[in-house]
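Here is the structure we will look at.
Only the coordinates and a few stated rules stand behind these numbers; no lab work does. Remember, it's a predicted structure, so these values are computed and weren't measured experimentally. Cβ atoms come from the backbone with ideal geometry, glycine included; neighbour counts cover every protein chain shown.
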Amino acid sequence: MPTYDYLCNECGFLFEKTVSFSQRESTQKCKNCGEPAIPQMTRDVSFSFNPSIGNSPKPPNTGISGYDHKVDRAIGKSAEFGWEMQEKRAEQKRALLRNNPNAEYGNISRNPDNTYRVMSGEETNKVDQRNKKAIPFIKKKGRSLG
Ligand SMILES: [Zn+2]
């Protein structure tokens, strides 16, 4: 089973977890704070793609999901999907800020179903405190916050 990186949306903790391929897009419990952590792009892609093929038709899906995933990454389809999702998330956040004039980006949190909500001042403070505790821990582990 492959190992994936997970980034905690609440405390920013980055950790690895070995999960089955079918589970790779599910959130996992953060090993630091227990909140849902979001799967990151895997680093162990060993597929190589010949760029000289240029604009010729892209390979069709084989139906073998592990192989297709690597092909999608190599031809940029995965990145394109990622950017689309990121734009959708940014728009959800902008809409929240438009509808809640007193809220700031720091007040927005992601729900387990990947929608967003504006946190109360009390909840924002709690998250800020948790982040302050997590940062030295992450630094000690030698992992970057980016
Ligand atoms: Zn966490």
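Less than 21 Å apart at the alpha-carbon level, and either on another chain or at least 8 residues along: which lysines does that give for Lys88?
Those lysines meeting the cut-off are Lys77.
Translational diffusion coefficient of segment 1-44 at 20 °C, 1.002 mPa s, Stokes-Einstein with Kirkwood Rh over Cα pairs, in µm²/s as a whole number.
Calculated translational D: 212 µm²/s.
Tabulate in residue order the Karplus-calculated ³J(HN,Hα) for segment 9-26, using 6.51 cos²θ - 1.76 cosθ + 1.60 with θ = phi - 60°, rounded to whole Hz; enter x for Gly and Pro.
Working through the residues one at a time gives 6, 8, 10, x, 6, 10, 9, 9, 8, 8, 9, 5, 4, 5, 9, 5, 9, 7 Hz.
Would you mind putting 117-126, 67-76 in packing order, based on average other-beta-carbon counts within 10 Å, highest first?
67-76, 117-126
Separation between the Asn111 and Thr3 pseudo-spin-labels, each 7 Å from Cα along Cα→Cβ, expressed in nm?
Distance between label points: 3.5 nm.
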